[in-house]
Amino acid sequence: MPELRAAVVGVGHLGRFHAEKYAAHPEAELVAVVDVDRARAEEVASELGVEAVTDYHRLYGRVDCASVAVPTDGHHRITRDLLSNGVDVLVEKPLATSVVEGRDLLECAARERRILQVGHLERFNPALMAVADQIVAPKFVECHRLAPYGERGTEVDVILDLMIHDLDLLFTMVGSPVRSIEAVGVPVLTNSVDIANARLRFANGCIANVTASRVSVKRERKLRLFQPDAYFSINFDENRVQIFRRKPAENGEIDLDFEELMVEDGDALRAEIDAFVIAVRSRETPPVTGWDGLRALEVAEVIRESVDTEVRAAITDPSG
């Protein structure tokens with residue numbers, strides 16, 4: 001089969017990596033990179049030997065698929081335009097800035113019969129993938145996703161910037177709808193929420209406690225999960241997994257069996273783009289669908305509304 005003609009729209013920090021993966025992919029030809037910053041587009045294009053473009057509309061009819069890695073407030077407009085003009089899209093998370101926009105993208109993809117994949121990268125994290133088939137009926141999950149402050153991603157709050165990663169993972173692992181949400185958050189260095197915590201109760205009884213911060217001293221990405229027969233501690237940064245399992249001891253009492261896995265470094269972004277290329281070629285459902293992205297976005301929007309209510313109440317409370 002001929003190589004897929006690919007492009008990347010937005011070649012900032014993450015988009016540059018997307019472009020590198022397409023350029024090295026055996027079944028894709030990187031045709032162009034797009035960025036409103038001409039100098040940046042030309043720099044990346046020169047490194048990879050492709051065309052630099054400042055207007056993504058020039059891609060129509062020239063590419064089969066594209067990654068959209070622009071700031072979140074541009075996801076809906078650009079993704080919709082590409083889908084409507086015959087281009088399959090891998091859009092970085094979150095799917096859009098609102099549920100209304102997200103639903104519109106799903107309707108557009110269905111109407112145009114286009115592939116729409118959402119870049120929830122942690123689905124392809126090697127530490128998680130090493131134990132994914134062992135996670136069964138979790139009862140309690142605790143997620144911490146902390147990062148030092150940086151300008152990138154601050155066009156949205158920390159819920160859409162960081163927490164949404166773990167919201168997507170929760171749905172994948174728990175496999176049950178959310179029944180109730182309690183949340184709190186505060187702005188620290190920006191005008192939107194920079195640190196937030198949410199407690200989710202699922203219909204099957206599982207409870208999840210999720211914390212996200214982009215104003216922390218150090219970076220941390222950890223997930224702890226309890227299920228009837230085991231406890232998992234997953235460190236995404238160190239590719240390390242600790243597993244405690246219940247086992248019968250020789251005296252007939254219950255003992256704990258400890259196992260630690262040091263998972264080999266993998267390339268999650270390459271795996272994500274591989275999956276996208278396969279979906280585009282086969283016209284089959286990608287591993288992270290638009291529906292997956294919308295589901296995480298719906299819960300994120302409820303959390304955002306709850307947090308916004310709390311923040312406004314604190315500001316207007318005359319008692320301080």
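The values are calculated or read from the model by the stated rules, or taken from the named source; none is laboratory data. Everything quoted here is computed from the prediction, not taken from an experiment. All Cβ positions, glycine included, derive from the backbone under ideal geometry; neighbour counts span all protein chains shown.
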**Report entry** Identity of the residue in segment 183-197, more than 14 Å from Y149 (Cβ to Cβ) and crowded, with 20+ Cβ neighbours inside 10 Å, that ends up nearest to the chain's Cα centre (by Cα)
**Finding:** A196
Query raised in the report: Could you list, in sequence order, the residues of segment 210-229 that are under 21 Å from R123 (Cα atoms) and either more than 18 Å from the chain's Cα centre (by Cα) or not assigned by TED's automatic domain parsing to the domain that holds R145 (or both)?
Result: R224, L225, F226, Q227
Query raised in the report: Restricting the search to segment 40-57, which residues are exposed (fewer than 14 other Cβ atoms within 10 Å of the Cβ) and touching a strand residue (DSSP E or B) at 6+ places or on another chain (Cβ under 9 Å)?
Result: S46, G49, T54, D55
Requested in this report: Of all residues in segment 118-167, count the ones that are in a strand (DSSP E or B) and either over 11 Å from the mean Cα position of the chain (by Cα) or of a type in the set (A, V, I, L, M) (or both).
Outcome: 8
Query raised in the report: Right, F232: surrounded by fewer than 17 Cβ atoms within 10 Å (Cβ to Cβ) and among the aromatic types (F, W, Y) or not?
Result: no
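Residues in segment 279-291: is at least one in a helix (DSSP H, G or I), over 15 Å from the mean Cα position of the chain (by Cα), charged (D, E, K, R) and outside the structural domain of A212 (by TED's automatic domain parsing)?
Step one: of segment 279-291, the residues in a helix (DSSP H, G or I) are 279-282, 290-291.
Filter once more, so that each one left must be over 15 Å from the mean Cα position of the chain (by Cα): 279-282.
When the remaining residues are screened for being charged (D, E, K, R), the result is 281.
Still in the list and also outside the structural domain of A212 (by TED's automatic domain parsing): 281.
Yes, because at least one residue in segment 279-291 is in a helix (DSSP H, G or I), over 15 Å from the mean Cα position of the chain (by Cα), charged (D, E, K, R) and outside the structural domain of A212 (by TED's automatic domain parsing).
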Query raised in the report: Out of (1) among the charged types (D, E, K, R); (2) under 25 Å from T72 (Cβ atoms); (3) assigned to a strand (DSSP E or B), what's the single condition that is false for E29?
Result: (2)
Query - Test for I243: is it closer than 24 Å to P126 by Cα and either over 18 Å from the mean Cα position of the chain (by Cα) or part of a strand (DSSP E or B) (or both) - result: yes
